[in-house]
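Notes follow the structure.
The values are calculated or read from the model by the stated rules, or taken from the named source; none is laboratory data. Not measured: the values here are computed from a predicted model. Virtual Cβ from ideal backbone geometry, glycine too; neighbours counted across all protein chains shown. Ligands, DNA and RNA are excluded from the accessible area calculation, which covers all protein heavy atoms including side chains. Shrake-Rupley method; radii C 1.70, N 1.55, O 1.52, S 1.80 Å.
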Amino acid sequence: MTEYLKSAPPTTTDAEHARSVRDTVTAVIADVRDRGDAAVRDYSQQFDKWSPESFRLSEGQITEIIDTVPDQALADIKTVQDRVRTFAVHQKNSLSDFEVETDPGVFLGQRNIPVASAGAYVPGGRYPLVASAHMTVVTAKVAGVERVSACTPPIRGEIPAATVAALHLAGADEIFLLGGTQAVAALAIGTETIGKVDMLAGPGNAYVAEAKRQLFGEVGIDLFAGPTEVLVIADEYADPFVVAVDLLSQAEHGPDSPAVLITTSAALGRTVMEEIDKLLVDMPTADFAEPAWRNHGEVAVVENLDAAYVLADRYASEHVQILTRHPREALEKMRNYGALFLGEGTCVSYGDKVIGTNHTLPTRGAANYTGGLWVGKYLKTVTYQEVTEPGASAALGTLCGRAARVESFEGHARSGDVRAHKFGGAELAWAQR
């Protein structure tokens, strides 16, 4: 039995806004496809008031920009990127190429091949997401991607120096000061000065997300990203102040970011709600966090932790934080989440900014079927086959002939028949030679 101390009010999709976003993105993509650089420049001027001689930063410009970043900020960027790189290397090492001889003379193999090029989009706007440079570019480079083209928008006409530094230090081969749908379209389609990529990665606003959706298939993408989500599971041993702070830490991402608490203690749930009200009074980002909590925040009370895990799996939240006496229990009990954060010593903000796992994660229930961005997203797992033993090819040919004719694929069957004949002496009844 689940009791909700706070429920998110019913929301309706703003169909008109969604249609406007879709139509705008469709028009921009079509225009970039038709006019290339000229269209990109027009939209950059229209949306960002930004039209430099070249959107791509030269090596000299990059050096000058990095020189403006404080030494401590650069040191911190390098530290975090080392953490991301280390974890990504472990991920890559968990994958292996192999070849196996399944029958005498029959060899089957697998290879993990990186895509040749990738586009990394790092948002600007109110929050210049410097950490997204680490997550997209470092991970791609560990995977072995030869060319990583990165785009990040100017912020109110200013160059986001820390983001540029992070992109450069992460290993981006090309850095463009360009944002929005026009940047995503240019990367996916290619223009006179921006090379086409094989894959797009990175978060963004509704227009960027819609552009990735429309271009998916023409290029690969990491995943479809929606508003940031956080879900906390807490028992009676949790500190309500810590729970409240951690819920609001993610609610500040935007006014549509869900923040959910599932607890076995009604008393704790009520105290958390009181603490949130106090914290919001002077929180600098309350203009986002308050409506997010008001309109998308929930507090559910369940009878035990098993029920909490079941309910949390139904949410399939992007971030799930376990603030219980035995947090590692969730590893065995849960299956639907983007990333799991175990115990009071851990918080979602660590994953977002510094700990080394990737913060580009599934939202809106996508954790039911996928994980987040990782080295494997930049790799194509492909197979190969070789038959070197004549008798094995003859046997496979005979089997192929029968199996294909069950499906009425005569051409397939004849490919098998030819091998059965050539390597095993079988008769070719259909052949006129």
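Heavy atoms only, 1.4 Å probe, whole protein assembly: order GLU236, GLU146, GLU318, GLU218 by accessible area, highest first.
Correct descending sequence by accessible area is GLU146, GLU236, GLU218, GLU318.
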Original post:
Under a 1.4 Å probe, what is the accessible area of the range 231-352 per residue, stated in Å²?
Top reply: 42 Å²
Subject >> Where the range 40-177 is the region considered: accessible area per residue in Å², 1.4 Å probe >> reply: 48 Å²
**OP:** Find the relative contact order for the range 349-431 and round it to a whole percent, using C-alpha pairs within less than 8 Å whose residues are 6+ positions apart.
**Re:** 20 percent
Original post:
Among 269-277, 328-336, how do they line up from the highest to the lowest mean number of other beta-carbon atoms within 10 Å?
Top reply: 269-277, 328-336
Original post:
Carbon-plus-sulfur fraction of the accessible area of the chain, 1.4 Å probe, in percent?
Top reply: 52 percent
Original post:
In straight Cα distance, which lysines are under 23 Å from LYS6, not counting same-chain residues fewer than 8 positions off?
Top reply: LYS278
Original post:
Between GLY401, GLY217, GLY345, which gets the highest mean-square fluctuation from a Gaussian network model of the chain, Cα cutoff 10 Å?
Top reply: GLY401
Original post:
Based on DSSP, what percent of beta bridges with both residues in the chain are antiparallel, to the nearest 5?
Top reply: 35 percent
Original post:
Given the protein chains as shown and a 1.4 Å probe, how many square angstrom of CYS400 are accessible, to the nearest 10?
Top reply: 50 Å²
Subject >> Cα centroid separation - the range 356-433 against the range 7-66, whole Å >> reply: 42 Å
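Determine the relative contact order of the range 198-269: mean sequence separation of Cα pairs under 8 Å and six or more apart, normalised by residue count, in whole percent.
Relative contact order here is 30 percent.
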**OP:** Sort 351-361, 22-32 for me by packing, meaning the mean count of neighbouring Cβ atoms within 10 Å per residue, highest on top.
**Re:** 351-361, 22-32
Original post:
Given Cα pairs under 8 Å that are at least 6 residues apart, what percent is the relative contact order of the chain?
Top reply: 19 percent
Original post:
For the range 380-433, what is the accessible area per residue in Å², given a 1.4 Å probe and the full set of protein chains?
Top reply: 75 Å²
